Structures are given as structure tokens and as C-alpha cells.
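The values are calculated or read from the model by the stated rules, or taken from the named source; none is laboratory data. Small disclaimer: the values here were computed from a predicted structure and weren't measured. Counting neighbours? That spans all protein chains shown, and the Cβs are built from the backbone with ideal geometry, glycine included.
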Amino acid sequence: MTLPPLPDEAVALGAHAADWRAAVREAGRALTRAGAVRIEYAERMISVIDEFGAYVVIAPGLALAHARPGPDVLHEGLSVVTLAEPVAFGHPHNDPVRVVVGLAVANAEEHVASVAALANAFNDPEAIERLAAAGNAAEVRTILGLAAGR
């Protein structure tokens, strides 16, 4: 199980977001910069949270923003956004969020494999804190266990 590539343009460090919607839009813009999705994918990620709640906040300080495969997904993609100031998503235990991982998949099989690979990356209890403090995209890739240049 491997994660999708994480090019430099899919990483935004120290982003400013007024609320969780702005944080998710940042993750969507990063996916768009990387060529994985069209910009409207960010709004679909927001709609998922509006409909199903803050279940995307999967660990203290970490949100996994995503939506179902659709025509706005050009190929599988991953983005990482760290926030200058944490934002609340409305999760009863895991707020506030400091790191938003954006995930785009083209089919259900990719979704399952990517989520499983992400779970492995976050087996390290320090991973979220290390991501929040990362200074560059290469450091983010190292923390997530991604090969250099991916």
C-alpha cells in the first residue's frame, strides 16, 4: 500500500485559515496546484463535512479532507496543509486541527488503499506534531514515509 505522490506544490505550510471551510479550501487548492483535481473538488469536500459532520478529524489535530470519486478528480492525489493557527471542525475530541491532509481518489479501491497507507503513516504518535512543525515539503514527505521526489 502506497500513498499518492506528494509534489512540492501540494504542500502548504503555515497557511492562514479563518475556519474549517477555509482550511479545506487550502487543501483543495493544493490538490489543484498538483494537477490532481479541478478547483470545484474543494467544495465537494466541504459538502461532505456539511452532510456527515466532522468525522474527517481522524486524530487529535488532524483532518483527512476528501470526497467521493467524481469528474473533478483528474487522478489520485494527496495534499498536506499545516495551519498557522489551529481551527475547530466541530469534533468533540480531536479539535482543534493543525494539519489538513487532502485526498483525491479516482475509484473506491484507491480510496481504501490510500486511507490504509495514511493510517500506517500516522501510527507514529508524534507524526501530527512533526507535520505541524515541518519546514518544507521534503520534510513532510519524510514524515509520511514517501520517497524523495514523489
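For segment 127-142, what are the residues that are polar (S, T, N, Q) and assigned to a helix (DSSP H, G or I)? I'd like the intermediate steps shown before the answer.
Taking segment 127-142 and keeping what is polar (S, T, N, Q), we get 136, 142.
Within segment 127-142, Thr142 is the sole residue that qualifies.
Take segment 1-38 and flag every residue that is at pLDDT below 95 and among the hydrophobic types (A, V, I, L, M, F, W, C).
Across segment 1-38, the qualifying residues are Met1, Leu3, Leu6.
Can you tell me which of Val24, Val87, Val37 is buried (at least 18 other Cβ atoms within 10 Å of the Cβ) and closer than 18 Å to Glu129 by Cα?
Residue meeting the stated conditions: Val87.
From the list Gly14, Gly61, Gly70, exactly one residue is among the small types (Gly, Ala, Ser) and either over 26 Å from Glu126 (Cβ atoms) or free of Cβ contacts under 8 Å to residues at least 60 places away in the same chain (or both). Which is it? Walk me through how you get there before you give the answer.
Details: Gly14 fails: either over 26 Å from Glu126 (Cβ atoms) or free of Cβ contacts under 8 Å to residues at least 60 places away in the same chain (or both); Gly61 fails: either over 26 Å from Glu126 (Cβ atoms) or free of Cβ contacts under 8 Å to residues at least 60 places away in the same chain (or both).
Selected residue: Gly70, the only one of Gly14, Gly61, Gly70 that is among the small types (Gly, Ala, Ser) and either over 26 Å from Glu126 (Cβ atoms) or free of Cβ contacts under 8 Å to residues at least 60 places away in the same chain (or both).
Restricting the search to segment 80-108, which residues are more than 21 Å from Ile39 (Cβ to Cβ) and either acidic (Asp, Glu) or touching a Ser or Thr at 6+ places or on another chain (Cβ under 9 Å) (or both)?
Residues satisfying the conditions are Glu85, Asp95, Arg98, Val99.
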